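Report on the following structure.
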There are 2 protein chains.
Amino acid sequence: MPRWEPHAKERLETAALDLYATRGYDRTTIGDVAAHVGVTSRTYFRYFPDKREVLFGGENKLRDRIARSLQDAPADMPPLTATLHAMSTCEDLYHLRKHEHLRRRDAVISTSSELQEREARKLASIAAVVAGGLVERGSDPDSAQLVADLALATFKQAYRLWMDDPATPYAVLLYRATAQARDVLTAQTGSAATQ
Amino acid sequence: MPRWEPHAKERLETAALDLYATRGYDRTTIGDVAAHVGVTSRTYFRYFPDKREVLFGGENKLRDRIARSLQDAPADMPPLTATLHAMSTCEDLYHLRKHEHLRRRDAVISTSSELQEREARKLASIAAVVAGGLVERGSDPDSAQLVADLALATFKQAYRLWMDDPATPYAVLLYRATAQARDVLTAQTGSAATQ
């Protein structure tokens with residue numbers, strides 16, 4: 001008989017990460033994860049369609065937040081600036097208290113090509129949403145995609161900086177990562193770039 | 001009884017693209033693809049592990065080519081320059097005669113989230129190989145990944161330019177895409193970028 005499970009979703013996410021990290025992703029079943037928090041597999045499937053998605057529960061939140069902030073950005077902000085601005089509003093998702101959880105999540109993902117593939121899709125879907133938002137703001141589709149990809153490269157770099165420096169606000173690291181990206185492109189490319 | 005099938009791999013690739021484009025990816029089976037070129041499913045599996053991989057036969061070639069060219073690039077070339085140089089040696093993979101095939105491949109990929117996920121992994125694996133090659137050339141891992149991601153954003157933009165302009169050599173378009181990426185990052189970011 002189904003019953004209400006307080007915070008079942010969050011508890012399943014934590015249990016999955018614990019088990020995937022200690023036992024291994026391939027050697028853990030959905031039944032193991034459910035049993036670990038005292039629920040049935042059926043309860044698990046109420047929240048997640050498969051074994052993988054339990055690690056990607058935050059994807060929609062991140063993507064929707066970026067999409068909405070991009071819509072709300074002043075119309076005269078240039079595309080990349082508006083995108084970085086939108087990404088910096090996700091700062092609380094990269095708060096110090098999330099650091100250990102995300103560090104462990106990264107470690108688990110690095111053990112499985114299936115999870116790496118899913119992570120690559122997550123990032124591609126964020127870039128797609130950004131590109132779509134920029135087209136709505138008036139960019140042509142090709143440059144919207146270029147700006148989205150450049151912003152994503154910067155976002156990923158900010159994430160790596162944050163992994164080494166979790167106490168610094170994400171917006172500051174995003175700013176620093178943007179400066180690094182600009183330096184790479186201005187210092188290392190010129191007329192000789194593709195000779 | 002297995003027998004030698006001349007150009008079976010290439011014929012299977014062409015047949016799969018034809019069937020996926022006309023009948024739909026979901027509505028085509030491996031048996032259909034094999035039958036279309038007069039071979040058995042067993043022959044199909046000699047070349048491709050599943051239904052999806054038949055569209056990704058060129059991935060290893062592209063990745064290995066970029067990796068090798070990056071190794072061969074002069075040691076004093078800066079990381080991004082060396083990466084773009086390596087990417088420009090793949091020019092023949094983006095020759096005018098490949099254009100229609102790749103345009104149809106893109107159209108098929110856009111119809112299936114499974115294929116989009118696989119394409120995202122392909123691009124991520126190219127970035128990973130580039131980042132690894134840059135670390136071997138002396139970059140620290142974080143900036144190697146940033147350079148790899150920026151180069152990939154540029155490579156994808158060059159590909160879009162080539163889709164609209166297939167007669168122009170890929171190296172030229174890569175150069176143009178790099179200039180566009182540099183313009184985006186220099187014109188649109190400054191002290192106000194993440195305010």
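The values are calculated or read from the model by the stated rules, or taken from the named source; none is laboratory data. Quick caveat, the model's predicted, so the values are computed rather than measured. Reconstructed Cβ throughout: ideal geometry from the backbone, glycine too, with neighbour counts over all protein chains shown.
Take A:Val172 and decide whether it is more than 10 Å from chain B (Cβ to nearest Cβ) and in a helix (DSSP H, G or I).
For A:Val172, the condition - more than 10 Å from chain B (Cβ to nearest Cβ) and in a helix (DSSP H, G or I) - is not met.
Which one of these is over 28 Å from B:Leu12 (Cα atoms), within 11 Å of another protein chain (Cβ to nearest Cβ) and touching an Asp or Glu at 6+ places or on another chain (Cβ under 9 Å): B:Thr154, B:Thr81?
B:Thr154
Looking at this structure, is B:Leu146 within 11 Å of chain A (Cβ to nearest Cβ), surrounded by 16 or more Cβ atoms within 10 Å (Cβ to Cβ), closer than 18 Å to B:Thr81 by Cβ and free of Cβ contacts under 8 Å to residues at least 12 places away in the same chain?
yes
Could you list all residues from region A:16-52 that are buried (at least 16 other Cβ atoms within 10 Å of the Cβ) and more than 20 Å from the chain's Cα centre (by Cα)?
If the condition is that a residue be buried (at least 16 other Cβ atoms within 10 Å of the Cβ) and more than 20 Å from the chain's Cα centre (by Cα), then A:Leu19, A:Thr28, A:Ile30, A:Asp32, A:Val33, A:Ala34, A:His36, A:Val37, A:Val39, A:Thr43, A:Tyr44 are the ones that fit.
For region A:124-140, what are the residues that are hydrophobic (A, V, I, L, M, F, W, C) and surrounded by fewer than 19 Cβ atoms within 10 Å (Cβ to Cβ)?
Listed by number, the residues that qualify are A:Ala128, A:Val129, A:Val135.
When you scan region B:48-139 for helices (runs of 4 or more DSSP H) that lie fully inside it, which ones turn up with 2 or more residues that are polar (S, T, N, Q) and modelled with pLDDT under 90?
B:113-136
Please state which of the following conditions A:Tyr170 fails to meet, knowing it meets all the rest: (1) modelled with pLDDT under 95; (2) closer than 17 Å to B:Arg182 by Cβ.
Answer for A:Tyr170: the failing condition is (2).
So if I check each of A:Ala21, A:Ala86, A:Ala8, which one is of a type in the set (Gly, Ala, Ser) and without any contact (Cβ under 8 Å) to a residue 40 or more places away in the chain?
After applying the criteria, what remains is A:Ala8.
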